[in-house]
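The values are calculated or read from the model by the stated rules, or taken from the named source; none is laboratory data. Quantities reported herein were computed from a predicted structural model and do not represent experimental measurements. Here the Cβ positions follow ideal geometry from the backbone for every residue, glycine too, while neighbour counts run over all protein chains shown.
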Amino acid sequence: MAARNAGVRKGTHESFPPIECATGGLRARHRRCLVSLLVALTGACQRDYSFHTVAVYEAPRSGCVVRMEANGTVRGGDDVSRASRGTLMIHDDRGADHAVSQEIVLREGEVLFGERGPRVQSDALFRLMTEAGCAPFPREVDELLAATEGVLRGPKGTFMDGQTKTLKVRSTTFDR
């Protein structure tokens, strides 16, 4: 009887050897499943995705509130978008009725104010802030330019609270 129960594990009612011996290794099968799962997940990370980003920043020294909204696509394998478009809206922080709006475009890695330019963005942003009744402060203008590019690049490019030096982040939202 001892020979007959040689393959029986204590507490079981089976007289079959453990699965690892019978199938050539349960661990090998688990490894194959794990590798297949990782390959499938890696492929899923390589898909394009569309985004909609809205960020509101305050430039306290300039006396402006700037709302940026962008839509675009991040290509599979990329961290940020290479091309997108959106709107930049500026008004003074006193809540004046006068707001200035401008189309913003990211094309071939370059931020454009409007469909064709201008290429010197700081001049364009300075002009827009002045039109909105703000007093542009140079360091805030520079950081707003960087924030504009970040919003156009998508969720991973958008400045969050704690990532700005001169601007205050009022809100950020992302939809994918």
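Restricted to the range 69-149, the set of strands (runs of 3 or more DSSP E) holding at least 3 residues that are touching a residue at least 24 places away in the same chain (Cβ under 8 Å) comprises 84-92, 99-107. Does the range 65-79 contain any residue that is among the basic types (Lys, Arg), touching a Phe, Trp or Tyr at 6+ places or on another chain (Cβ under 7 Å) and modelled with pLDDT of 95 or more? No - not one qualifying residue is present in the range 65-79. Working only within the range 91-121, note down all residues that are farther than 16 Å from GLU149 by Cα and at pLDDT 80 or above. Matches in the range 91-121: HIS91, ASP92, ASP93, ARG94, HIS98, ALA99, VAL100, SER101.
Set side by side, the residues SER101, SER62, SER84 differ, and just one is touching a Cys at 6+ places or on another chain (Cβ under 8 Å) and of a type in the set (Ser, Thr, Tyr), which is SER62. Search the range 81-90 for residues being under 17 Å from the mean Cα position of the chain (by Cα) and modelled with pLDDT of 95 or more, and hand back the single one that is nearest to PHE126 (Cα to Cα). It comes out as GLY86.
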